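Participant: Quick one: the structure is below, questions incoming.
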Amino acid sequence: MIGKLFGSFLEVLFPQKCVFCRSILKGSEKWVCSECRRTLPRPENPLTRGGAYTVCAASLVYKDAVKKAFHRFKFGGKSNYAKPFGEMMAKTVMEHLRGRYDLITWVPISPSRKRSRGYDQSMLLAYTVALGLQDVAVETLRKTVNNTAQSKISIPAQRRSNVAGVYTAVDPALVQGKRILLIDDILTTGSTLSECASVLLGAGATEVVCAVFARAEDGKSKLKE
């Protein structure tokens, strides 16, 4: 009883807000307000084809409130946003990629970036996606080079070159003969996903499909990494 009263008191002092528009949630609303659930920008076709990966499914379009919310998640310490974002992604995976993978993994960030940020945002998304799919996410890749942020490079060929050789397979036995679902945060040109998919295929995976939280409108983004 005391716990419930204390919880109610905290809700009055610190009301829960929509992760996208920051309006105070009402009634049964959780994480996302009804208006945002209705109006968030969604891609007309969630699926895009890539390089080394077969297909990538995106839940949202990276603009406006989606972009602002994601920046709070990635750069503003809002690691708890992984829950609503991951739940959206899990729904997208169920709708578009069901039965196309055997193992769930993610695109890792470098150890130095993880130390400075405090968490790996794609790993958190992968864990939440896996939970929503009643599955588990497994580490299959490591980033061994703290390369230049992709956001600082606008030429596609240079973006591909920038990520070449920066990832390595943790244990080829984990992925050998498996179809992989690779989780990342934002899809821009697809260079990072393609590089990671190439490493996984080189380690023995039979196919790589991807899922991201959001996709850039024009394939270009000013997102920092």
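Participant: Could you list the GluC sites (Glu not before Pro) in the range 14-81 that lie in coil according to DSSP, counting only those with at most 11 other Cβ atoms within 10 Å of their Cβ?
Facilitator: Values: sites: GLU29, GLU35, GLU44; in loops: GLU29, GLU44.
Passing sites in the range 14-81 are GLU44.
Participant: FRET efficiency for LYS78 and GLN134, Cβ-Cβ distance as r, R0 = 25 Å, nearest 0.05?
Facilitator: Efficiency computed from Cβ-Cβ geometry: 0.45.
Participant: Here's another thing I want to ask about it. With θ set to phi - 60° and the Karplus curve 6.51 cos²θ - 1.76 cosθ + 1.60, what are the ³J(HN,Hα) couplings of the range 58-68 in order, to the nearest whole Hz, using x for Gly and Pro?
Facilitator: Result, rounded to whole Hz: 10, 7, 9, 9, 7, 7, 6, 5, 5, 4, 5.
Read-outs throughout are calculated quantities, based only on the coordinates presented, and are distinct from any laboratory measurement. All of these numbers come straight from a predicted model, not from anything done at the bench. Cβ: placed from backbone, ideal geometry, glycine included. Neighbour counts: every protein chain shown.
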